[in-house]
1. Assess whether Asn21 counts as being modelled with pLDDT of 95 or more, more than 26 Å from Glu173 (Cβ to Cβ) and not in a helix (DSSP H, G or I).
2. So, restricting to strands (runs of 3 or more DSSP E) that lie completely within the stretch 49-158, which ones have at least 1 residues that are modelled with pLDDT of 90 or more and under 24 Å from Tyr14 (Cα atoms)?
3. Filter the stretch 2-52 for residues that are open to solvent by 40 Å² or more (accessible area, probe 1.4 Å), closer than 15 Å to Tyr103 by Cβ and among the acidic types (Asp, Glu) and give the result.
4. Report, by residue number, each residue of the stretch 53-92 that is under 15 Å from the mean Cα position of the chain (by Cα) and surrounded by fewer than 18 Cβ atoms within 10 Å (Cβ to Cβ).
Amino acid sequence: MSGDIFISVIVPVYNAEKYLNECIDSLIGQTFFNSMEVILIDDGSTDNSPSLCDSYSQKHENIKVIHQENSGVSVARNRGIEKAQGKYVGFADADDYVYPEMYERLFKLAEETGSDISFCGFLQPYPDKDVIVTFPFEQGKLLGRDYIRDIVCPFMLRNSTLNSLWNKIFRREVITLNSLKLSPGKKQG
C-alpha cells in the first residue's frame, strides 16, 4: 500500500460467513479505500469466515487479518486498535454495509473542523420500510466542550440507538494517549 493511512477500519468477525462478503465488499467500494486499512479480527470463528478473511487479505494489501481465540467483540476491537496505523479509527460490524462515501466524508469533516470524532446518521432497515436515523445536532459544526458535555454526552447516554461505534471515526492519537479501551465482556455496538 502506498501513501498515508488516514483511517483504520476494525471489523470483528465471528461466524459471519453469511454476510461477511457484503461487508468487506462495501469497504473495498469506499471512495477512500486507497487511504484506508481494514483490519479483520477473526475471533475464533468455526465457520468459513477465517478463510474468507484470508482470501480478501491476499487480494488487497491494505486488508489485514488477525486470527485469535474467541474472546468477544470488545477484545477483538481492542486488538484492532493496537494494530491500527491510521490517523483515525473506525469500526464496522461484520454484518454492516457501508455506503461508498461514508469514510471519506467523515474524514474530511473531522479534518475541516479539527474534531477528535466524526459521526453520521444511518439507514435502519425494517421489513415494511427503511428509516433514516439522524443525530439532533447541527451538521458540520464544531461543537464546544460545554455543548458536548451538556447536550451530546447526556443524549448519547440516554439513546442507545445512536451511541454505537460503527457510524463514527475517532482520532487514534486521542485513544492511544488516553489508553482508551473497550470493556471486555460488554457488547458495545
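The values are calculated or read from the model by the stated rules, or taken from the named source; none is laboratory data. Predicted, not measured: the structure shown is a model, and the values here were computed from it. Note that each Cβ is placed from the backbone with ideal geometry, even for glycine, and that neighbours are counted across all protein chains shown. In case anyone asks, the SASA skips ligands and DNA or RNA and just uses the protein heavy atoms, side chains included. Shrake-Rupley method; radii C 1.70, N 1.55, O 1.52, S 1.80 Å.
1. Criteria not met by Asn21.
2. Of the strands (runs of 3 or more DSSP E) lying wholly inside the stretch 49-158, those with at least 1 residues that are modelled with pLDDT of 90 or more and under 24 Å from Tyr14 (Cα atoms) span 63-68, 88-91.
3. Of everything in the stretch 2-52, those that are open to solvent by 40 Å² or more (accessible area, probe 1.4 Å), closer than 15 Å to Tyr103 by Cβ and among the acidic types (Asp, Glu) turn out to be Asp4, Asp25.
4. Across the stretch 53-92, the qualifying residues are Ser74, Glu82, Lys83, Gln85.
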